[in-house]
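K.L.:
Just dropping this structure here.
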Amino acid sequence: AQTVTQSQPEMSVQEAETVTLSCTYDTSENNYYLFWYKQPPSRQMILVIRQEAYKQQNATENRFSVNFQKAAKSFSLKISDSQLGDTAMYFCAFMNPSTGNQFYFGTGTSLTVIP
Amino acid sequence: ETGVTQSPTHLIKTRGQQVTLRCSSQSGHNTVSWYQQALGQGPQFIFQYYREEENGRGNFPPRFSGLQFPNYSSELNVNALELDDSALYLCASSYERGPYGYTFGSGTRLTVV
């Protein structure tokens, strides 16, 4: 079974500063996909960024970037220039389509951006 | 029509009752997945439907069942409700199976008393 671990239940950051959220996962597969999803109070899960395991280059989406360490099975999210709208729950997720089209989610990190 | 709509937004049921939750996907989305998110936890996969057939199931008992309809809507049915079924239920749809293009709804908050 795939497991995803987020060891930081809560984090806070000052507006305009940078914060890094941690995620580790466990799998014996070689080809898989990793995701960071944001869940604001509206409850809808919103995709922040995606990384294909076969790509060595770390994914970047505007202020969001990842540090993907495949050998260490680590997938951290860096948010630069934090904004008040970034306040939300952040979930790390794993999918291996060859064994099932399901997301395995971590337990989440609650991020608060302080004005 | 864009987005994924779930109804109702909130629901209170009594232990032992049955409940039906609904999800209206974007037009053309052939795949729908349902997740259970208990308080303080990440979502857990219940099952997925692709072109109206079940296409994968998580570790949930048979009293959790589903349907997907040709009009891109779907249902999650739960029989014999238990207190532990209290959770946020999310649906997510996409055009095809695979890792891309999922749109999540805002969920149904089910409380079992």
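K.L.:
Could you list all residues from region A:75-102 that are under 10 Å from the mean Cα position of the chain (by Cα) and hydroxyl-bearing (Ser, Thr, Tyr)? Steps first, please.
P.N.:
Going residue by residue through region A:75-102, those that are under 10 Å from the mean Cα position of the chain (by Cα) are A:75-78, A:90-94.
Within region A:75-102, A:Ser76, A:Tyr90 meet the criteria.
Residue-by-condition table, conditions (1) within 16 Å of B:Pro43 (Cα to Cα); (2) within 14 Å of another protein chain (Cβ to nearest Cβ); (3) of a type outside the set (Val, Ile, Thr); (4) in contact (Cβ under 8 Å) with a residue 12 or more places away in the chain:
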position	(1), (2), (3), (4)
B:Leu67	no, no, yes, yes
B:Glu82	no, no, yes, yes
B:Arg97	no, yes, yes, yes
B:Tyr102	yes, yes, yes, yes
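K.L.:
Tell me which residues, restricted to region B:42-51, are modelled with pLDDT of 95 or more and assigned to a loop (DSSP other than H, G, I, E, B).
P.N.:
Result: B:Gly42, B:Pro43.
K.L.:
Just checking, how many residues over region A:1-26 are away from chain B (no Cβ under 14 Å), in a loop (DSSP other than H, G, I, E, B) and of a type outside the set (A, V, I, L, M)?
P.N.:
Number of matching residues: 4.
K.L.:
State whether the residues of region B:37-45 include one that is within 28 Å of A:Gln6 (Cα to Cα), buried (at least 21 other Cβ atoms within 10 Å of the Cβ) and in contact (Cβ under 8 Å) with a residue 40 or more places away in the chain.
P.N.:
Yes, region B:37-45 contains a residue that is within 28 Å of A:Gln6 (Cα to Cα), buried (at least 21 other Cβ atoms within 10 Å of the Cβ) and in contact (Cβ under 8 Å) with a residue 40 or more places away in the chain.
K.L.:
A follow-up question, please. When you scan region B:70-113, how many residues do you find that are in a loop (DSSP other than H, G, I, E, B) and touching a strand residue (DSSP E or B) at 6+ places or on another chain (Cβ under 8 Å)? Walk me through how you get there before you give the answer.
P.N.:
Pass one, region B:70-113, residues in a loop (DSSP other than H, G, I, E, B): B:70-72, B:79-82, B:86, B:95-102, B:105-107, B:113.
Among the residues that remain, those that are also touching a strand residue (DSSP E or B) at 6+ places or on another chain (Cβ under 8 Å) are: B:72, B:79, B:81-82, B:86, B:95-102, B:105-107, B:113.
So the answer is 17.
K.L.:
Mind listing whichever residues of region B:25-36 are among the hydroxyl-bearing types (Ser, Thr, Tyr) and buried (at least 21 other Cβ atoms within 10 Å of the Cβ)?
P.N.:
First pass over region B:25-36, keeping only residues among the hydroxyl-bearing types (Ser, Thr, Tyr): B:25, B:27, B:31, B:33, B:35.
Passing the criteria: B:Ser25, B:Thr31, B:Ser33, B:Tyr35.
K.L.:
Looking at region A:61-69, is at least one residue of a type in the set (Gly, Ala, Ser) and either in contact (Cβ under 8 Å) with a residue 24 or more places away in the chain or facing another protein chain (nearest Cβ under 10 Å) (or both)? Lay out the reasoning, then the answer.
P.N.:
Just the residues of region A:61-69 that are of a type in the set (Gly, Ala, Ser), to begin with: A:65.
Then keep just the ones that are either in contact (Cβ under 8 Å) with a residue 24 or more places away in the chain or facing another protein chain (nearest Cβ under 10 Å) (or both); that gives none.
No: zero hits.
K.L.:
Between A:Phe64, A:Phe105, which is surrounded by fewer than 20 Cβ atoms within 10 Å (Cβ to Cβ), within 14 Å of the chain's Cα centre (by Cα), of a type in the set (Phe, Trp, Tyr) and modelled with pLDDT of 95 or more? Reasoning before the result, please.
P.N.:
Working: A:Phe105 fails: surrounded by fewer than 20 Cβ atoms within 10 Å (Cβ to Cβ).
After applying the criteria, what remains is A:Phe64.
K.L.:
Could you give me the residue pairs with C-beta distances under 8 Å whose first residue belongs to region A:104-115 and is more than 8 Å from every other protein chain (Cβ to nearest Cβ) and closer than 27 Å to B:Phe47 by Cα, whose second residue is among the acidic types (Asp, Glu) and surrounded by fewer than 20 Cβ atoms within 10 Å (Cβ to Cβ) wherever it lies, and which are 6+ apart or on separate chains?
P.N.:
That search, which allows pairs on different chains as well, returns A:Thr109/A:Glu10; A:Ser110/A:Glu10.
K.L.:
Would you mind stating whether A:Ser76 is in contact (Cβ under 8 Å) with a residue 60 or more places away in the chain, closer than 27 Å to A:Pro115 by Cβ, assigned to a strand (DSSP E or B) and among the polar types (S, T, N, Q)?
P.N.:
Numbers: in contact (Cβ under 8 Å) with a residue 60 or more places away in the chain: no; closer than 27 Å to A:Pro115 by Cβ: yes; assigned to a strand (DSSP E or B): yes; among the polar types (S, T, N, Q): yes.
Judged against the criteria, A:Ser76 is not a match.
K.L.:
Okay, next question. Consider A:Phe75 carefully, then state whether it is in contact with a Lys or Arg (Cβ under 6 Å, 6 or more places away or on another chain) and surrounded by 19 or more Cβ atoms within 10 Å (Cβ to Cβ).
P.N.:
Criteria not met by A:Phe75.
K.L.:
Can you name every residue in region B:84-95 that is under 24 Å from B:Pro8 (Cβ atoms) and within 14 Å of chain A (Cβ to nearest Cβ)? Step through it out loud before you land on a result.
P.N.:
Step one: filter region B:84-95 for residues under 24 Å from B:Pro8 (Cβ atoms), giving B:84-94.
Across region B:84-95, the qualifying residues are B:Ala87, B:Leu88, B:Tyr89, B:Leu90, B:Cys91, B:Ala92, B:Ser93, B:Ser94.
K.L.:
Would you say B:Ser74 is surrounded by 22 or more Cβ atoms within 10 Å (Cβ to Cβ), in contact (Cβ under 8 Å) with a residue 40 or more places away in the chain, away from chain A (no Cβ under 14 Å) and not acidic (Asp, Glu)? Full working, then the answer.
P.N.:
Values: surrounded by 22 or more Cβ atoms within 10 Å (Cβ to Cβ): yes; in contact (Cβ under 8 Å) with a residue 40 or more places away in the chain: yes; away from chain A (no Cβ under 14 Å): yes; not acidic (Asp, Glu): yes.
Against the criterion (surrounded by 22 or more Cβ atoms within 10 Å (Cβ to Cβ), in contact (Cβ under 8 Å) with a residue 40 or more places away in the chain, away from chain A (no Cβ under 14 Å) and not acidic (Asp, Glu)), B:Ser74 qualifies.
The values are calculated or read from the model by the stated rules, or taken from the named source; none is laboratory data. Model, not experiment: these values are computed from the prediction. Every residue, glycine as well, gets a Cβ built from its backbone with ideal geometry; the counts of neighbours run over all protein chains shown.
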